[in-house]
Amino acid sequence: MLWDEFKKPKDIERILSIIRNYDKEIRIMEICGTHTVSIAKSGIKGILPENIKLISGPGCPVCVTPTERIDDILLLSKNKDVLIATYGDMVRVPGSIYGENLEKRKAQGFDVRIVYSPLDAVKIANNCKNKEVVFAGIGFETTAPSSAVAVEKAMNEGVKNFSVFSLHKKVEPVLRELINMNDFNINGFLCPGNVAVIIGEEGFRFLEREFKIPSVICGFEAGDIIYSIYRIIQMIENKVYKLENEYIRAVKPKGNEIAKNIMNKYFELCDDIWRGIGCIKNSGLKLKDEYSQYDSVKKFNLDLTLYKNNDFCSCGEVIKGKIEPRECKLFSSVCTIENPLGSCMVSSEGACAAAYKYFDLR
Amino acid sequence: MDDIITLSYGSGGKKTSELIEDIIVPHLKNDELLKLNDGAVLKGFSKMVFSTDSFVVNPYFFSGGDIGKLSVCGTVNDICMCGGEPRYLSLSFIIEEGFKTKDFLKIIESIEKTAKECNVKVVTGDTKVVEKGKGDGIFINTSGIGILKYDFLGKDRMKDGDLVIVTGNIGEHGVAVMLEREQLITGVNLISDCMPLNILAKEILDFKEKIKIMRDPTRGGLATTLNEFVEGTDLGIELYEDRIPVSNEVNMACEILGIDPLYSANEGKIVAVVSSDIAEQLIEKLRKVKGGEKSAIIGKVTSNFKGRVTLKTEIGGTRILTKLTGMQLPRIC
């Protein structure tokens, strides 16, 4: 099957007519930001009947990073000896002071580089020996292995002026946290196919085993998503609550062993703070002590304990799927893509950015 | 000539003359330019189109073009889109010290070729050289004058039922430059669509008043340009995703880069709103012209969703296409 065909599979009309005729109220959470964007771009919400609600979850890495960590990076970036390398999504994320972000730092003459891979950051470190290169590593199990690869490369090549500021997080702990909340009311999960490529079907098996929530590991084309929604409905109807893998073209039962191994070699679990949610036990990934010379937190003696949940917007509630972006009082009035206040608006995968940019016409 | 351009080439003295007389003039000469005055004396026209554009593209040589070709096309195309027939160009350089003379020559040759292709003369110009680190290779500004031939274009003439056409695959320039710069994806053969639009524009404007408005969707891409068409009007535009021509290469590269072809720049495409009764005929004609082979009707003007551009997605959903927001591809032209 060609890549294009996943956008609009041949029997999509048949599946759509079944979905359209479904009349029970259900709430399905798409965990991943990439799904949020794909849903918005293809206008899926407009095709579904009103009774099937899609709720965005905590799967946009930028959105769940607390403002304090952005402040830490902004502070580091002011150090003339430091070069910040990070993914493009990070440069416009505002810190706690309005208007402060890495893009502005760059314009002020501080050294901020956008990279597509942490390996590029190692390359930069190799070429700029007079700078301390800090790679702000963000993302779930999808990007954490490549940060680990970068540390390994820096070690092998004897690059000493490179470190990773790990903002990496794991998906499972936050899902458990959500499910265990008193007002949890999600009937099914669309699980992120990209994360599953790494952690495998087994990484999401707990949803079936422990919680009996219909869940589908899902690809990122419109056809993938619609088919997965259909599968969730079928599971609810047949009262068979399990985990299915729609994204078999990429996801294996055990995932990518090499990526998992290297991630586990360099990173270990730590308690971590999620924006709007708070501290979740063993939900973050930090570099192991033996690699502390590559850990920006240790290298620059950063204090990560502070956390005051003083967000003035409702990003936290959006991330937890409690409210829709539109229900935040700042949405599209004060907080826009041009002038984002909250992380859900600034990240291209944020639920607010998707709602703002592609709002559906239902 | 030295093999690199040093500060003294911008001094206004002998070396500046060398640069002009040895490299620029031999390639671009015409009666007006050869006078080498501070300005060119031109014959008057009753109604003129005047346009200007600066070019800072990085890298300055890219697959499908270079900053020289772009600097001619950019201004020529702007004049064409206003219903003008381009005649004269000014050409100004800001060069960073250390720039290779052979690269400069290549750029001049490309300007020469492109100017000939669209039948415009470079009649005046300027050259400045700045210290190393104060520029980035080369920046070009061109201004152009054309005779106004078609003075009826305007969004006030669009009406419900008109059709939207585009002259070929969209998004190619933005993606090609981006790929060239980042060297991200290998094995994808992407070429910028950079080309003069004078011939395609003439084919379209031959339909006279049946053509309502046209534009070349450069930065901001197709979606942004169409938004400009309907902004402040009582009309909306509805596009059909499955009819918009996009090459597989662009689609694939966009997936990887996380950008949307609808917002990626074009440098050789026209998007126009035309009367529905001539649309098919126009498309037939355009498809026979070089660079117009993939012309297509991609949407229609409606009285629904006024002031908005909407997209009917392949799976039957509808979404709003706003102007370009957030996402940026700096220095693509």
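Listed values, structure above:
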{"read-out": "Rg and Dmax of the stretch B:124-195, Cα atoms only, in Å", "value": "19.7, 56"}
{"read-out": "Net charge dipole size for the stretch A:189-260 [Lys, Arg +1 and Asp, Glu -1 on Cβ; Debye, nearest 20]", "value": "180"}
{"read-out": "GluC sites (Glu not before Pro) restricted to DSSP loop in the stretch A:24-72 with at most 14 other C-beta within 10 Å", "value": "A:E25, A:E50"}
{"read-out": "Percent of beta bridges antiparallel (DSSP, chain A, rounded to nearest 5)", "value": "20"}
{"read-out": "Mean shadow area of chain B, taken as a quarter of the surface of its Cα convex hull (nm²)", "value": "17.6"}
{"read-out": "Candidate aspartates and glutamates - alpha carbon under 15 Å from B:K306, same-chain residues fewer than 8 apart omitted", "value": "B:D156, B:D160, B:D162, B:E228, B:E231, B:D234, B:E238"}
{"read-out": "Using a Förster distance of 25 Å, the FRET efficiency for B:F50-B:F152 (Cβ separation, nearest 0.05)", "value": "0.85"}
{"read-out": "Averaged over A:338-348, number of beta-carbon atoms from partner chains that fall within 10 Å", "value": "1"}
{"read-out": "Whole-Å semi-axes of the ellipsoid equivalent to chain A (Cα gyration tensor, √5λ, descending)", "value": "35, 23, 18"}
{"read-out": "Peptide A:31-44, shielding by other chains (average Cβ, 10 Å cutoff)", "value": "3"}
{"read-out": "Calculated [θ] (222 nm, deg cm²/dmol) that DSSP helices of n ≥ 4 give over chain A, each run adding -39,500 (n - 2.57)", "value": "-10000 deg cm²/dmol"}
{"read-out": "Contact order relative to length of chain A, as percent, for alpha carbon pairs under 8 angstrom and 6 or more apart", "value": "22"}
{"read-out": "The stretch B:155-321 - charge dipole about Cα centre, Lys and Arg +1 at Cβ, Asp and Glu -1, debye rounded to 20", "value": "420"}
{"read-out": "Residues with amide H under 5 Å from that of B:S264, placed H, sequence gap 5 or more", "value": "B:L222"}
{"read-out": "Gyration tensor verdict on the stretch B:245-308 (Cα atoms; rounded if a/c is under 1.5, prolate if a/b is larger than b/c, oblate otherwise)", "value": "oblate"}
{"read-out": "Cα pair distances of the stretch A:10-155 binned at 5 Å [whole percent]", "value": "2, 8, 15, 16, 14, 11, 9, 7, 7, 6, 4, 2, 0"}
{"read-out": "Residue pairs, from the table B:K43/B:K134; A:K169/A:K298; A:K153/B:K132; A:K41/A:K78, whose Cα atoms sit over 30 Å apart", "value": "B:K43/B:K134; A:K153/B:K132; A:K41/A:K78"}
{"read-out": "Placed amide H near B:G161: partners under 5 Å, 5+ positions off or other chain", "value": "B:V301, B:T302"}
{"read-out": "Rounded FRET efficiency, nearest 0.05, which uses the C-beta distance separating B:K290 from B:N30 and R0 of 22 Å", "value": "0.30"}
{"read-out": "Net charge dipole size for chain A [Lys, Arg +1 and Asp, Glu -1 on Cβ; Debye, nearest 20]", "value": "240"}
{"read-out": "Dimensions (Å) - the stretch A:86-190, Cα atoms, principal axes, largest first", "value": "53, 38, 18"}
{"read-out": "DSSP bridge orientation in the protein assembly as shown - percent antiparallel, rounded to nearest 5", "value": "55"}
{"read-out": "Dipole-positive endmost among B:A115, B:S46, B:I95 within the stretch B:4-148 (Cβ charges, Cα centre)", "value": "B:S46"}
{"read-out": "Alpha carbon convex hull of the protein assembly as shown, projected area averaged over orientations, nm²", "value": "32.3"}
{"read-out": "Sequence-distant residues sharing a close amide H with A:F162 (under 5 Å, placed H)", "value": "A:V133"}
{"read-out": "Relative contact order (%) - criterion: Cα under 8 Å, at least six apart; region: chain B", "value": "22"}
{"read-out": "Per-residue HN-Hα couplings for the stretch A:240-246 [Karplus 6.51, -1.76, 1.60; θ = phi - 60°; Hz; x = Gly/Pro]", "value": "10, 9, 9, 9, 10, 10, 7"}
{"read-out": "Histogram of C-alpha separations across the stretch B:173-317, 10 Å bin width, %", "value": "11, 39, 36, 13, 1"}
{"read-out": "Residues in the stretch B:302-325 reached by a label modelled at A:E50 [backbone nitrogen below 16 Å; 7 Å Cα→Cβ]", "value": "none"}
{"read-out": "For A:100-108, mean number of other protein chain Cβ atoms within 10 Å", "value": "0"}
{"read-out": "10 Å-binned pair-distance histogram of the stretch B:4-148 (Cα, whole percent)", "value": "12, 43, 34, 10, 1"}
{"read-out": "When each of A:K80/A:K170; B:K128/B:K149; B:K106/B:K128; B:K159/B:K288; A:K123/A:K299 is checked by Cα-Cα distance, pairs over 24 Å", "value": "A:K80/A:K170; B:K128/B:K149; B:K159/B:K288"}
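A short reminder: the numbers here are calculations on the coordinates, not readings from a lab. Computed from a predicted structure; not experimentally measured. For neighbour counting, all protein chains shown are included, and Cβ atoms are generated from backbone atoms with ideal geometry for every residue, glycine included.
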